[in-house]
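These notes are about the structure you will find just below.
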Amino acid sequence: MTNSLIYTPTLFSSNTATATATATTTTTILSYFKTSISRPHKSATILCCNRPNYIPNHIQDPNRIRIFDTTLRDGEQAPGASMTPKQKLDIAHQLAKLGVDIIEVGFPASNKADLETVKLIACEVGNVAVNDDGRIPVICGLARCHKNDIDKAWEAVQYAKFPRIHIFIATSEIHMKYKLKMSKEEVIEKARSMVAYARSLGCNDVQFSPEDAGRSDKEFLYEVLSEAVKAGATTLCIPDTVGYNWPREFGQLIADIKTNTPGAGNVIISTHCHNDLGLATANTLEGAYSGARQLEVTINGIGERAGNASLEEVVMAIKSKGELLGGLHTNVNTEHIVMTSKMVEEYSGLQVQPHKPIVGANAFAHESGIHQDGVLKNKSTYEIMSPKDIGLHRSNEAGLTLGKLSGRHALKAKLFELGYNFEGNELNDLFWRFKSIAEKKKVITDDDLITMVSK
């Protein structure tokens, strides 16, 4: 069947071509959308170009990990990280190039601008394949367990070829008592009824999250999650909302949920880990090792408080050490990591610390003489991955940065790069002059070296 949706964006000024154009999306979706919103669909199989059939609650390759990026939703909730609709659209396009499986675009019920932005991205990013394999990302909107939230989320994401609604409600004792003021029975009923309501609208891809799962009673979790599955949830996300768990603890939680939750074997289990104790990446990987097949991450690890699990860290850890995780792999095109990181850094205003793994300015830079000597002889002495794997192009092949700890080998290599070839006593003389300069300056520039040589 064919489902045609017409959406006219009204977010941007008249001089923005993207805003003035009417986005008309005609999507052919097999056995996914119903022809009216009066009854649910019977099947959730979606065919997409050369991509294996997308089935919300099943992954054909048991070792493949779905990457769920929430930079535009949870990432934007970081203080000072708010972005314009145009910036969010640009990042969504870049995330599609990166090859993430699901893009959580926003919280449509929070305000009109967010709803319209989610609609726009659903139209423009959620219907176009940008990679060779023909994959189109799932477009997701967040909703509390309220009908209005769910209505707004569906209003926005339904324009995508593969729409998803992400519903959540807190399940920890402290949240139920002080925030929700609800009993366990009320929380279970609310979760069940709202998942069922989302399915009744025609959305066959519904994710359910028990907020603060990491501090929730396990037996209660099993019950809530089971009811969500019965109501039609296709993904169960297990959040360590406050970053309180440690890897062995969180991995065991995922394993226990898979074992003790009726129906868990028929859905995808996901992680969502915060970084309050610096364990978000470790917890996420432990969750994957324990059976989670969707991992929620953000670019540069941005997000509430101390942030979320970092996409670049999680993906490159799987790429580098996947065999130790039982052969796990993702479909992320890692050569787009650096460009995506820089775009998010610029648009969010949240600077990446120099020592940030993978994308920090120092991640592939070497100033210590011992290290410089090693990488000049063989880069693998101090680099566990190639910078080219993440799309990083260095000004010099070995990533040398000259400073007071640098040695003769690095100085010689840098001078040779500038067109000078010194040996023996000449090099020794230049080296001690270089050391004298380096004691006074943190970083030695090419101009410093050229001036030093000319004297």
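The values are calculated or read from the model by the stated rules, or taken from the named source; none is laboratory data. No experiment lies behind these values; they were computed from the predicted model shown. FYI the Cβ positions are ideal-geometry reconstructions off the backbone, even for glycines, and counts take in every protein chain you see. Accessible surface areas use protein heavy atoms only, side chains included; no ligands, DNA or RNA. Shrake-Rupley method; radii C 1.70, N 1.55, O 1.52, S 1.80 Å.
Would you check if there is a residue in segment 343-358 being over 18 Å from Thr70 (Cα atoms), surrounded by 22 or more Cβ atoms within 10 Å (Cβ to Cβ) and among the hydrophobic types (A, V, I, L, M, F, W, C)?
So far as segment 343-358 goes, yes, one or more of its residues are over 18 Å from Thr70 (Cα atoms), surrounded by 22 or more Cβ atoms within 10 Å (Cβ to Cβ) and among the hydrophobic types (A, V, I, L, M, F, W, C).
When segment 286-299 is examined, which residues are found to be in contact (Cβ under 8 Å) with a residue 60 or more places away in the chain and open to solvent by 20 Å² or more (accessible area, probe 1.4 Å)?
Hit for segment 286-299 is Arg293, nothing else.
Go through segment 420-440 and give me each residue that's open to solvent by 80 Å² or more (accessible area, probe 1.4 Å) and either in a helix (DSSP H, G or I) or closer than 22 Å to Gly399 by Cβ (or both).
Residues satisfying the conditions are Asn421, Asn425, Glu426, Asp429, Trp432.
Taking Tyr244 and the conditions (1) touching a helix residue (DSSP H, G or I) at 6+ places or on another chain (Cβ under 8 Å); (2) open to solvent by less than 30 Å² (accessible area, probe 1.4 Å); (3) closer than 19 Å to Arg215 by Cβ; (4) not small (Gly, Ala, Ser), which numbered condition does it fall short on, given that it satisfies the others?
Single failed check for Tyr244: (2).
If you take the residues of segment 379-419 that are out of contact with any helix residue (DSSP H, G or I) (no Cβ under 8 Å at 6 or more places or on another chain), assigned to a loop (DSSP other than H, G, I, E, B) and open to solvent by less than 90 Å² (accessible area, probe 1.4 Å), which of them is modelled with the lowest pLDDT?
For segment 379-419, the residue satisfying everything is Thr401.
Only residues that are open to solvent by 20 Å² or more (accessible area, probe 1.4 Å) and either of a type in the set (Lys, Arg) or in contact with a helix residue (DSSP H, G or I) (Cβ under 8 Å, 6 or more places away or on another chain) (or both): list them for segment 250-285, please.
Asp256, Lys258, Asn260, Pro262, Gly263, Gly265, Asn266, Asn275, Leu279, Thr281, Ala282, Leu285
Would a scan of segment 131-154 turn up a residue that is at pLDDT below 95, surrounded by fewer than 23 Cβ atoms within 10 Å (Cβ to Cβ) and out of contact with any strand residue (DSSP E or B) (no Cβ under 7 Å at 6 or more places or on another chain)?
yes
Within the group Gly322, Gly326, Gly307, which residue is more than 21 Å from Ile102 (Cβ to Cβ), open to solvent by less than 70 Å² (accessible area, probe 1.4 Å) and small (Gly, Ala, Ser)?
Only one candidate qualifies: Gly326.
Starting from residues that are of a type in the set (A, V, I, L, M, F, W, C) and under 19 Å from Ala109 (Cβ atoms), keep the ones in segment 159-181 and report whichever is surrounded by the fewest Cβ atoms within 10 Å (Cβ to Cβ).
Our first condition is that a residue be of a type in the set (A, V, I, L, M, F, W, C); within segment 159-181, this holds for 160, 162, 165, 167-170, 174, 176, 180.
From the residues that got through so far, the ones that are under 19 Å from Ala109 (Cβ atoms) too are 160, 165, 167-170, 180.
On the way: Ala160: 29, Ile165: 29, Ile167: 26, Phe168: 23, Ile169: 24, Ala170: 25, Leu180: 17.
Ranking the candidates gives Leu180 first.
Condition check: at pLDDT below 95, open to solvent by 20 Å² or more (accessible area, probe 1.4 Å) and either more than 29 Å from Asn63 (Cβ to Cβ) or assigned to a loop (DSSP other than H, G, I, E, B) (or both). Does Asn362 satisfy that?
yes
From the residues in segment 305-322 that are assigned to a loop (DSSP other than H, G, I, E, B) and over 14 Å from the mean Cα position of the chain (by Cα), which one is farthest from Pro247 (Cα to Cα)? Before you say what the answer is, go through the steps one by one.
To start, the set of residues in segment 305-322 that are assigned to a loop (DSSP other than H, G, I, E, B) comprises 305-307, 309.
Pick out the ones that are also over 14 Å from the mean Cα position of the chain (by Cα) and you get 305-306.
On the way: Arg305: 20, Ala306: 17 Å.
Only one residue fits best here, namely Arg305.
How many residues are small (Gly, Ala, Ser) and either touching a residue at least 60 places away in the same chain (Cβ under 8 Å) or within 20 Å of Thr284 (Cβ to Cβ) (or both) when one looks only at segment 173-222?
6
Counting just the residues of segment 182-209 that are among the β-branched types (Val, Ile, Thr) and buried (at least 24 other Cβ atoms within 10 Å of the Cβ), which one comes out farthest from Leu295 (Cα to Cα)? Give the derivation first.
Initially, segment 182-209 is screened for residues among the β-branched types (Val, Ile, Thr), giving 187-188, 195, 206.
Subset that is buried (at least 24 other Cβ atoms within 10 Å of the Cβ): 195, 206.
On the way: Val195: 21, Val206: 16 Å.
Among residues in segment 182-209 that are among the β-branched types (Val, Ile, Thr) and buried (at least 24 other Cβ atoms within 10 Å of the Cβ), the one farthest from Leu295 (Cα to Cα) is Val195.
Answer with yes or no whether Asn111 is surrounded by fewer than 18 Cβ atoms within 10 Å (Cβ to Cβ) and either among the polar types (S, T, N, Q) or farther than 23 Å from Gly301 by Cα (or both).
The answer is yes for Asn111.
Enumerate the pairs (first residue in segment 311-325 and acidic (Asp, Glu); second residue anywhere and part of a helix (DSSP H, G or I) and open to solvent by less than 100 Å² (accessible area, probe 1.4 Å)) with beta-carbon separation below 8 Å, excluding pairs fewer than 6 apart on the same chain, so at least 6 apart or on different chains.
Taking only residues 6 or more apart or on different chains, the pairs are Glu312/Ile299; Glu312/Asn300; Glu312/Ile337; Glu312/Ser341; Glu312/Ile390; Glu313/Thr281; Glu313/Gly301.
Checking the condition at pLDDT below 95 and open to solvent by 10 Å² or more (accessible area, probe 1.4 Å), which residue from Pro62, Pro85, Pro79 passes? Spell out how you get there, then give the answer.
On the way: Pro62 fails: at pLDDT below 95; Pro85 fails: at pLDDT below 95.
Unique residue meeting the criteria: Pro79.
Go through segment 66-81 residue by residue and tally those that are of a type in the set (A, V, I, L, M, F, W, C), in contact with a helix residue (DSSP H, G or I) (Cβ under 6 Å, 6 or more places away or on another chain) and in contact (Cβ under 8 Å) with a residue 60 or more places away in the chain. Before you say what the answer is, go through the steps one by one.
Of segment 66-81, the ones of a type in the set (A, V, I, L, M, F, W, C) are 67-68, 72, 78, 81.
Then drop every residue that is not in contact with a helix residue (DSSP H, G or I) (Cβ under 6 Å, 6 or more places away or on another chain), which leaves 72, 81.
Among the residues that remain, those that are also in contact (Cβ under 8 Å) with a residue 60 or more places away in the chain are: 81.
Total satisfying the criteria: 1.
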